[in-house]
Amino acid sequence: MSKKNVTDLKLEGKRVLMRVDFNVPMKNGVITDDNRIREAIPTIKYVIEHKGRAIVFSHLGRIKTEEDKATNSLAPVAKRLEELIGTPVKFVPVTRGKELEDAVNALKDGEILMFENTRFEDLNGKKESGNDPELGAYWASLGDVFVNDAFGTAHRAHASNAGIAANISETAAGFLLEKEIKFIGGAVDNPVRPFVAILGGSKVSDKIGVISSLIEKADKILIGGGMMFTFLKAVGYNVGKSKCEEDKIDLAKELLAKANGKIILPVDTIVTTEFSNDTPFEVVSTNNIKDDRMGLDIGPETLKLFENELATAKTVVWNGPMGVFEFSNYAKGTIGICEALANLKNATTIVGGGDSAAAAIQFGYGAKMSHISTGGGASLEYLEGKVLPGIACVDEK
Ligand code: ADP
Ligand code: MG
């Protein structure tokens with residue numbers, strides 16, 4: 001079964017509710033990365049080109065106090081959307097009431113309206129984040145059909161996704177959500193083999209679900225990043241001052257036993273004495289880490305080993321940087337993996353996870369991957385094989 005898509009909807013003359021993820025990073029009211037806005041444009045364009053009346057909305061940040069409203073207004077986002085899409089966007093600075101209803105009623109075919117941050121409703125008893133039934137029904141009453149394109153929020157059942165879907169006749173996926181389902185869902189449900197997973201990032205505890213799920217599904221699992229040291233300790237190595245979760249060593253042992261040789265651990269690492277880019281560093285074997293050293297990246301032999309495992313892969317999922325890529329001295333492992341994935345021919349390469357996606361884009365490999373997920377937490381939960389409420393609420397075809 002596949003999900004209903006925006007192209008399956010009759011849009012002309014319809015009020016089209018569009019949940020997007022415009023939770024963009026901002027500094028002093030200025031958007032520092034507008035990628036999420038750009039990613040949502042194809043679906044919005046499609047709706048207005050087919051004479052739908054687009055009612056666009058999103059959450060932004062967290063709203064706990066009245067003061068949070070001032071720094072989390074979507075007004076600058078509406079302005080950026082207008083610039084990027086080249087069509088006027090009418091911004092309505094409220095989340096409910098007459099002003100919003102009048103603006104919706106005045107909307108003509110092919111026009112765009114955007115209303116204020118859905119989480120402003122959280123001040124009033126967590127109505128948005130708690131999926132308050134009244135709020136979902138109210139927003140649903142403003143539209144004829146619902147298009148969900150907010151993958152970044154798909155792991156949460158909120159009033160602005162699941163709540164609306166429960167109260168409207170038709171719910172379809174936008175192009176972005178569809179792409180995430182195709183790539184991440186495809187890799188999890190039906191990967192072309194060999195299927196290799198690369199896992200890194202900061203902690204084992206953040207990724208237990210993903211590791212457990214991928215042990216079942218992947219043919220090989222390559223482990224780097226901070227989490228590698230908990231595994232190295234589990235096989236009996238000394239890890240010095242490296243990041244290591246003592247309370248997860250037994251779990252790492254269990255995972256290694258369950259993986260039955262599928263897990264490949266680093267053979268070398270770049271160590272230093274402080275968590276800093278300014279202290280001297282050297283490459284050592286992972287079975288030779290001194291007490292006063294910490295490993296901040298995988299080493300060159302490990303990179304070769306990983307490249308070798310990747311050479312024949314047909315599906316690759318990558319979650320979590322190989323080292324502290326924010327420091328130039330410890331970015332080589334992460335860049336090396338980017339390079340290895342970029343050079344793979346006839347393989348589907350998927351990057352999920354906020355920091356890994358940011359690293360791939362920052363190092364200039366964004367266009368070289370088959371898919372870079374727009375969801376951090378959502379892509380992690382999707383890779384775990386969980387049912388995401390924001391996907392489940394979309395109608396089947
Ligand atoms: P993602 O967002 O891609 O899922 P995580 O949030 O799990 O990734 O982890 C990213 C962080 O892990 C980065 O900030 C990086 O500096 C850190 N990290 C990677 N390797 C190490 C290491 N060896 N020691 C400490 N931190 C590390
Ligand atoms: Mg992260």
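Assorted remarks:
- Cβ pairs under 8 Å, 6+ apart, first in the range 31-50 and closer than 20 Å to residue 4 by Cβ, second in a helix (DSSP H, G or I) and among the aromatic types (Phe, Trp, Tyr): 42/175; 43/175; 46/175
- Yes/no for residue 297 being more than 28 Å from residue 219 (Cβ to Cβ) and either charged (D, E, K, R) or away from ligand 1 (no atom under 16 Å from the Cβ) (or both): no
- Filtered by the rule that a residue be of a type in the set (D, E, K, R) and within 15 Å of ligand 2 (Cβ to nearest atom), the range 350-383 gives 355, 381.
- Test: residue 211 is buried (at least 16 other Cβ atoms within 10 Å of the Cβ), more than 30 Å from residue 9 (Cβ to Cβ), at pLDDT 95 or above and not aromatic (Phe, Trp, Tyr): no
- Within the range 69-100, the residues that satisfy the criterion of being open to solvent by less than 40 Å² (accessible area, probe 1.4 Å), out of contact with any helix residue (DSSP H, G or I) (no Cβ under 8 Å at 6 or more places or on another chain) and under 14 Å from residue 119 (Cβ atoms) are 73, 74.
- Near pairs, Cβ below 6 angstrom, 6+ apart or cross-chain, from the range 339-354 (on the phi < 0 side of the Ramachandran plot and polar (S, T, N, Q)) to any residue that is away from ligand 2 (no atom under 16 Å from the Cβ) and open to solvent by less than 10 Å² (accessible area, probe 1.4 Å): 348/315; 349/316; 349/341
- Hits in the range 359-379 (condition: farther than 21 Å from residue 310 by Cα, part of a helix (DSSP H, G or I) and either open to solvent by less than 50 Å² (accessible area, probe 1.4 Å) or at pLDDT 95 or above (or both)): 377, 378, 379
- Considering the range 133-245, there are no qualifying helices (runs of 4 or more DSSP H) wholly inside with 2 or more residues that are at positive phi, of a type in the set (S, T, N, Q) and over 18 Å from the mean Cα position of the chain (by Cα).
The values are calculated or read from the model by the stated rules, or taken from the named source; none is laboratory data. Just so we're clear, the structure is a prediction, and the values are computed from it rather than from any experiment. Virtual Cβ from ideal backbone geometry, glycine too; neighbours counted across all protein chains shown. The accessibility values were calculated without ligands, DNA or RNA, using every heavy atom of the protein model including side chains. Shrake-Rupley method; radii C 1.70, N 1.55, O 1.52, S 1.80 Å.
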